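One structure below.
The values are calculated or read from the model by the stated rules, or taken from the named source; none is laboratory data. Computed from a prediction, not measured in an experiment: that's the story for all the values here. Cβ sites come from the backbone with ideal geometry, for glycine too, and all protein chains shown count toward neighbours.
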Amino acid sequence: MTDPEGLVSAYASDAERDAEVTVRPKRLADFIAQHRVRDQLDLLLRAATGRGTPPDHILLSGPPGLGKPVSVEALVLLADGTRRRLGDIVPGDRVITRTGRPALVEAVHEQGELDCVRIRTTSGREVVAAPDHPFWTTNGWMKAGDLTDRDVLANVLRPELTAGGAESTDEFRLAGYLIGDGCTSNQVTFTGSDPDVLADFRSVCDRLGHPHRTRPNSARSSVVRISGLRGWLAEHGLLDKTAWHKRVPPFVYRGDEWQVGAFLGAYFACDGSVSRRGRDRYDVVVEFHSVSRGLLQDVQHLLLRLGVQSRLKLKRGRHQGRPHESWRLSVTSQDDVARFVERITVLGERGRRLAEWAPRRDRFEESLAADRVGSVEPAGLCPCRCLTVADDHTFTVNDLVVHNTTLANIVAAELGAGIRVTSGPAIERSGDLAAILTSLAEGDVLFIDEIHRIAKPAEELLYSAMEDFRVDVVVGKGPGATAIPLDVEPFTLVGATTRSGLLTGPMRDRFGFVAHLDFYSPDELDVLIQRSARILGVPSTEGGSAEIAGRSRGTPRIANRLLRRVRDFAEVRADGTVTRETAQAALRVYDVDELGLDRLDRAVLTALVDSFRGGPVGLSTLAVAVGEQPDTVEEVCEPFLVRAGLLARTPRGRVATEAGWRHLGRTPPNGTFGASGPAVPDLFSAGSQEV
């Protein structure tokens, strides 16, 4: 068979003549940044070379817009055990990743308001995220919009936290008792009926130096009144809290496993229950009860930190003749119940039942727990953010784990093999792909760009080629059709995509190595530009390369393009050296400002600010104002403007942020989107005054 014309590029014998090709790295040692991917690839290729076999197939993915957009209200677990709104995360924070270990937040990216989906799991967890946000599942990474009730998400068990609280273990027990059966308004009291629990509560108060007095409350319960505790309650956010508004105090999250277990044990002794289903002594159910959903969500998170999975459910009933709603947090897996008994000490009658009925564990420790998707529903427009996280580029939101082609040529160079290059849209028929595969020599690299756009028949043909190095070509039609098996020489497939979520599960599973690429930082681009300048023979200074790097939008291709344009300017209108002043003058000529905005980007932002007073304005109207098509504005201009924090999408249309006004040299009016000052009141504001 022969290659279809134009489907596969020929070997380039004159690649050095092309400047764009010349500045690309040829070996892994030349590759700038992406250190994690570079090290992993080096290990993979060295091992394959040592064995004398082609390496596993490689998938390179880079999500568009660097996006991992999640609602700003989602709670992110930090390395010190506390949880913070995603909207409050700043670079330098350390977050817990999928591995359970902490990693540094390198950057925070404002995404504005995006159309989102609300994901609810069967355990009662809930998170709002953009449809293209990747979640870790049992089938690998899947976009939020592609999840169904057949998918299972991941929770991190027993993360590696650094306890840093100054509170004693007795304070953890005291907080647990008061949240369970305490009254923190007016007089501070604790009511209980279990003698062991009452005795332990009084002992805790004695050790902390709080005077107390006990009196009978009824025939079966007593009330302990505590003095001198209101200051401690106010400090930890527990003062004057009703049963509906109680939450776990912040200091509990900073405790170690023993202290968290002490808090949960004290709370369970008040608002917990232990029962058996049927007569099987191993069928034990542990439950917490409260009218505060937020409190039990906090407890559910703390249980997960001790390795215990639980399920939160709404309980409807009647109280004093009226409909009543409360919440129930259940531990039903016998392995989880066994962990609960092992790691949480409970006093009183409940503790004795747990000790007597405790089941045996029948599974080893695991780092991730399964949490099945219950539903995925539209959530409307929500303000979103995304993070750039070091190491494995993952983090947790509400306890759920969440998260292009130079490398293909590098793989071929490292292996000393040939490379064939094609793209997904170019492969329309399975016969096209069969022609390419059968023309490969042993050890060759086949690179398919935009692999998620490959035709379905060709994709299915690729399965057998990747696994068995064999393809079946169908000859003829109808009853006389015959499948002819053709052997394929062992090869390495390198696929690249910016939409990894569009790859089918069988296709993703056949790649032995998956690499995730991110945007470059200005410092990394500075190093890259200096290397490119040396290759092209362009004299440059550090200031000149840094100026170009800052305007390159985090993309090497843009950086190399701007370097060549600045080189032209330097040779024609300067002394040939790329200095900071030369770069600034050249980029003014090419309408590239200090943030990397080009003429069209600035036209969109200027029209939004000058013609529509910052918005909101609809996409079509904005496009007419700049003389472009709406899809051009939406797909070409908006992604970078949103990522740079200059423009935001709202339910009413596009608006310029405070940063957008200031970038154009304008003073933002009061009430501008993203401004720190108070908004201008209007007729629909709660605090508006009557005229």
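Let's see how each residue does on (1) out of contact with any strand residue (DSSP E or B) (no Cβ under 6 Å at 6 or more places or on another chain); (2) of a type outside the set (D, E, K, R):
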| residue | (1), (2) |
| --- | --- |
| R453 | yes, no |
| E459 | yes, no |
| V473 | no, yes |
| L502 | yes, yes |
| L525 | yes, yes |
| R557 | yes, no |
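Residues that are under 30 Å from G576 (Cβ atoms), modelled with pLDDT of 80 or more and over 31 Å from the mean Cα position of the chain (by Cα) do not occur anywhere in segment 474-491.
Does G537 count as crowded, with 21+ Cβ neighbours inside 10 Å, of a type outside the set (V, I, T) and more than 21 Å from the chain's Cα centre (by Cα)?
Working: crowded, with 21+ Cβ neighbours inside 10 Å: no; of a type outside the set (V, I, T): yes; more than 21 Å from the chain's Cα centre (by Cα): yes.
When the stated conditions are applied, G537 does not pass them.
Within segment 448-471, the set of residues being at pLDDT 75 or above and either assigned to a strand (DSSP E or B) or among the charged types (D, E, K, R) (or both) comprises I448, R453, K456, E459, E460, E467, D468, R470, V471.
Test of understanding: among R247, R202, which residue is basic (K, R), outside any loop (DSSP other than H, G, I, E, B) and modelled with pLDDT of 90 or more?
Numbers: R247 fails: outside any loop (DSSP other than H, G, I, E, B).
Result: R202 is the single residue among R247, R202 that is basic (K, R), outside any loop (DSSP other than H, G, I, E, B) and modelled with pLDDT of 90 or more.
Residues in segment 148-160 that are part of a loop (DSSP other than H, G, I, E, B) and among the aliphatic types (A, V, I, L, M): L157 alone. Kindly establish whether T497 is in contact with a helix residue (DSSP H, G or I) (Cβ under 6 Å, 6 or more places away or on another chain), crowded, with 20+ Cβ neighbours inside 10 Å, on the phi < 0 side of the Ramachandran plot and of a type in the set (V, I, T). It is true that T497 is in contact with a helix residue (DSSP H, G or I) (Cβ under 6 Å, 6 or more places away or on another chain), crowded, with 20+ Cβ neighbours inside 10 Å, on the phi < 0 side of the Ramachandran plot and of a type in the set (V, I, T).
Would you check which residues across segment 121-131 are within 27 Å of R652 (Cα to Cα) and assigned to a strand (DSSP E or B) and list them?
Pass one, segment 121-131, residues within 27 Å of R652 (Cα to Cα): 126-131.
Of everything in segment 121-131, those that are within 27 Å of R652 (Cα to Cα) and assigned to a strand (DSSP E or B) turn out to be E126, V127, V128, A129.
Filtering segment 274-282 for residues that are of a type in the set (D, E) and modelled with pLDDT of 90 or more leaves an empty set. Checking the structure you have, find out if any residue of segment 283-299 is over 30 Å from W232 (Cβ atoms), in the same structural domain as L178 (by TED's automatic domain parsing), surrounded by fewer than 20 Cβ atoms within 10 Å (Cβ to Cβ) and not aromatic (F, W, Y). Yes, some residue in segment 283-299 is over 30 Å from W232 (Cβ atoms), in the same structural domain as L178 (by TED's automatic domain parsing), surrounded by fewer than 20 Cβ atoms within 10 Å (Cβ to Cβ) and not aromatic (F, W, Y). Residues that are buried (at least 19 other Cβ atoms within 10 Å of the Cβ) and of a type outside the set (D, E, K, R) were ranked within segment 436-450; the one that is nearest to V471 (Cα to Cα) is L437.
Can you name every one of the helices (runs of 4 or more DSSP H) wholly within segment 541-655 that holds 1 or more residues which are among the polar types (S, T, N, Q) and modelled with pLDDT of 85 or more? Full working, then the answer.
Values: elements: 542-549, 556-573, 580-589, 599-606, 619-626, 638-643.
Because the criterion is at least 1 residues that are among the polar types (S, T, N, Q) and modelled with pLDDT of 85 or more, the helices (runs of 4 or more DSSP H) in segment 541-655 that meet it are 542-549, 580-589, 599-606, 619-626.
Scan segment 310-329 and give yes if some residue there is crowded, with 23+ Cβ neighbours inside 10 Å and assigned to a helix (DSSP H, G or I), otherwise no. No, every residue in segment 310-329 fails to be crowded, with 23+ Cβ neighbours inside 10 Å and assigned to a helix (DSSP H, G or I).
If the condition is being of a type in the set (A, V, I, L, M) and either more than 17 Å from D115 (Cβ to Cβ) or touching a Phe, Trp or Tyr at 6+ places or on another chain (Cβ under 6 Å) (or both), then segment 640-667 contributes L641, A644, L646, A648, V655, A656, A659, L664.
Can you tell me which residue is modelled with the highest pLDDT among those in segment 660-673 that are surrounded by fewer than 19 Cβ atoms within 10 Å (Cβ to Cβ) and of a type in the set (G, A, S)? Before you say what the answer is, go through the steps one by one.
Going residue by residue through segment 660-673, those that are surrounded by fewer than 19 Cβ atoms within 10 Å (Cβ to Cβ) are 662, 664-667, 669-671.
Checking which are of a type in the set (G, A, S) leaves us with 665, 671.
Numbers: G665: 85, G671: 56.
Ranking the candidates gives G665 first.
Looking at this structure, is D591 out of contact with any strand residue (DSSP E or B) (no Cβ under 7 Å at 6 or more places or on another chain), buried (at least 18 other Cβ atoms within 10 Å of the Cβ), under 30 Å from V538 (Cβ atoms) and among the acidic types (D, E)? The answer is no for D591. Evaluated against (1) touching a helix residue (DSSP H, G or I) at 6+ places or on another chain (Cβ under 8 Å); (2) surrounded by fewer than 15 Cβ atoms within 10 Å (Cβ to Cβ); (3) assigned to a strand (DSSP E or B), A355 falls short on exactly one condition, (3). Scanning segment 191-211 for residues that are in contact with an Asp or Glu (Cβ under 8 Å, 6 or more places away or on another chain), over 17 Å from E349 (Cβ atoms) and not basic (K, R) returns V204, L208. Selection within segment 220-254: residues that are crowded, with 19+ Cβ neighbours inside 10 Å and among the basic types (K, R). The member of this set that is farthest from R85 (Cα to Cα) is K241. Which of the residues belonging to segment 451-468 are of a type outside the set (D, E, K, R) and crowded, with 17+ Cβ neighbours inside 10 Å? Across segment 451-468, the qualifying residues are I451, H452, I454, A455, A458, L461, L462, A465, M466. Annotation note: Cβ proximity below 8 Å between a residue of segment 161-188 that is in a loop (DSSP other than H, G, I, E, B) and a residue that is among the aromatic types (F, W, Y) (sequence gap 6+ or interchain) occurs for G165/F251; E167/F251.
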